[in-house]
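What follows is a set of notes on a single structure, which appears directly below.
The values are calculated or read from the model by the stated rules, or taken from the named source; none is laboratory data. Model, not experiment: these values are computed from the prediction. Methodologically, a virtual Cβ is constructed for each residue, glycine included, from the backbone with ideal geometry; neighbour enumeration extends over all protein chains shown. For accessibility, only protein heavy atoms count, side chains too; no ligands or nucleic acids. Shrake-Rupley method; radii C 1.70, N 1.55, O 1.52, S 1.80 Å.
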Amino acid sequence: MLDTSVIVQWLLWEGCAIFGVFVLKQYLQLPLAEQIVYLPARIMPLQAMLGSAGHSRETTPDYDWHGRKRGRREFVLLQYTLSGRGRLRVGDREHDVLPGQMMLLRMPADNRYWLPSDSDHWDFLYVCFQGSEVLRLWRAAERAHGYLCEMDPDSAVVRLTADAVRALQAGEVDTEFRSSNLAYGLMMALLDQGPPTQADSPHASALEEAWQHGVAHFSEPLGVEELAAVAGLSRFYFTRLFTARYGSSPTAWLVDLRVREAAQMLRRTALPIKEVAARCGFGDAGYFGKVFQARTGQPPGSYRRSGI
């Protein structure tokens with residue numbers, strides 16, 4: 001009798017190059033080039049913007065990115081593997097990244113992706129984009145797909161990723177409107193794609209309920225115990241499932257949520273910093289200042305004055 005596990009392993013590891021060459025041939029033919037969007041200094045402030053895109057083939061262990069070492073500005077990364085194999089760590093979980101899989105990562109965050117020593121190459125398309133609307137919608141994308149998902153090469157998401165790479169390589173992204181159009185189109189396709197049913201967890205609805213509870217009550221003295229109770233799970237099991245699904249522990253996610261909301265209040269209101277801290281769930285203004293600076297690189301007052 002044929003050992004199907006051997007066949008599956010061969011398809012995933014030895015067959016990666018075959019999959020890349022024949023199924024993803026049209027994308028592999030894109031030039032190997034990485035481009036950054038350069039726009040005039042004075043542009044209309046839009047809420048979704050393409051930042052960079054490219055087709056890359058990595059062959060050395062120098063390719064190693066840490067999510068907390070990508071600068072202070074928030075952005076998201078969409079990276080689709082064409083051939084070869086990469087490695088991804090989110091929180092304390094590690095995964096191989098194989099052809100046909102897409103990484104969906106937010107920066108800065110506790111993640112790392114690299115070319116492992118036992119892989120001879122990693123060929124992929126990638127797009128980075130930013131803006132307040134992108135960051136808002138990204139939460140829904142994370143809930144739908146997680147941080148690593150299967151994506152058909154003929155899907156709208158992969159085709160639009162390739163289109164963004166082609167457009168940037170051809171020098172067609174020369175206005176903020178073209179940049180925003182590409183970012184919005186890709187974001188909408190990602191949300192329209194919907195989650196793969198086979199990746200759904202039996203606790204997905206419970207985790208989603210806890211997530212929504214956290215978003216609705218972040219300004220209150222809310223902790224992991226309460227979120228776990230909303231999900232109907234033990235604190236230990238809830239923390240493990242939440243981290244695996246969303247790529248961040250409940251504690252870190254809750255702090256990041258509060259800091260993001262505080263940053264918006266600092267930008268958009270003239271409320272005293274102590275009041276901002278209280279409205280965002282920080283009972284102590286001194287502690288809020290330390291946490292805010294650790295996450296953004298600036299104290300709350302400096303952040304407000306900077307106009308970022």
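Tell me whether segment 236-247 contains one or more residues that are touching a residue at least 24 places away in the same chain (Cβ under 8 Å), under 25 Å from LEU135 (Cα atoms) and among the hydroxyl-bearing types (Ser, Thr, Tyr). Within segment 236-247 (the criterion being touching a residue at least 24 places away in the same chain (Cβ under 8 Å), under 25 Å from LEU135 (Cα atoms) and among the hydroxyl-bearing types (Ser, Thr, Tyr)), the answer is yes, since at least one residue qualifies. Which one is farthest from LEU125 (Cα to Cα) among residues in segment 26-62 that are of a type in the set (Gly, Ala, Ser) and at pLDDT 70 or above? Ranking the candidates gives ALA48 first.
Consider segment 140-152 and keep the residues that are among the charged types (D, E, K, R) and more than 30 Å from MET265 (Cα to Cα). The one that is most open to solvent (accessible area, probe 1.4 Å) is GLU150. Scanning segment 280-308 for residues that are touching a residue at least 12 places away in the same chain (Cβ under 8 Å), in a helix (DSSP H, G or I) and not aromatic (Phe, Trp, Tyr) yields ALA285, GLY289, VAL291, ARG295, THR296, PRO300, GLY301, ARG304. For segment 63-82, the tally of residues that are under 12 Å from HIS121 (Cα atoms) and part of a loop (DSSP other than H, G, I, E, B) stands at 1. Scanning segment 240-267 for residues that are touching a Phe, Trp or Tyr at 6+ places or on another chain (Cβ under 8 Å) and closer than 14 Å to PHE282 by Cα turns up LEU254, LEU257, ARG258, VAL259, GLU261, ALA262, ALA263.
If you check LEU88, LEU98, which single one turns out to be in contact (Cβ under 8 Å) with a residue 60 or more places away in the chain, farther than 30 Å from ARG268 by Cβ, of a type outside the set (Phe, Trp, Tyr) and in contact with a Cys (Cβ under 8 Å, 6 or more places away or on another chain)? None of the other options fit; the residue is LEU98.
Let's see how each residue does on (1) touching a Leu at 6+ places or on another chain (Cβ under 9 Å); (2) open to solvent by less than 20 Å² (accessible area, probe 1.4 Å); (3) on the phi > 0 side of the Ramachandran plot:
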| position | (1), (2), (3) |
| --- | --- |
| TRP138 | yes, yes, no |
| ASP154 | no, no, no |
| ARG178 | yes, no, no |
| GLU225 | no, no, no |
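Within segment 101-140, the set of residues being closer than 12 Å to GLY84 by Cβ and among the hydrophobic types (A, V, I, L, M, F, W, C) comprises LEU115, TRP122, PHE124. Report yes if some residue within segment 16-25 is modelled with pLDDT of 70 or more and either closer than 15 Å to TRP122 by Cα or not in a helix (DSSP H, G or I) (or both); otherwise report no. Taking every residue of segment 16-25 in turn, none turns out to be modelled with pLDDT of 70 or more and either closer than 15 Å to TRP122 by Cα or not in a helix (DSSP H, G or I) (or both). For PRO300, the conditions (1) buried (at least 19 other Cβ atoms within 10 Å of the Cβ); (2) out of contact with any strand residue (DSSP E or B) (no Cβ under 8 Å at 6 or more places or on another chain); (3) closer than 25 Å to LEU227 by Cα are fulfilled apart from (3).
Within segment 168-177, the residues that satisfy the criterion of being of a type outside the set (Val, Ile, Thr), touching a strand residue (DSSP E or B) at 6+ places or on another chain (Cβ under 9 Å) and in contact (Cβ under 8 Å) with a residue 40 or more places away in the chain are LEU168, GLN169, GLU176. For first residues located in segment 126-144 and closer than 22 Å to VAL97 by Cβ, partners that are among the acidic types (Asp, Glu) and in a helix (DSSP H, G or I) and lie 6+ apart or on another chain with Cβ distances below 8 Å form the pairs ARG143/GLU208. Counting only residues that are free of Cβ contacts under 8 Å to residues at least 24 places away in the same chain, open to solvent by less than 50 Å² (accessible area, probe 1.4 Å) and assigned to a helix (DSSP H, G or I), segment 261-279 holds 2 of them. Looking at ARG260, ARG240, just one residue is touching an Asp or Glu at 6+ places or on another chain (Cβ under 9 Å), of a type in the set (D, E, K, R) and modelled with pLDDT under 90, and that residue is ARG260.
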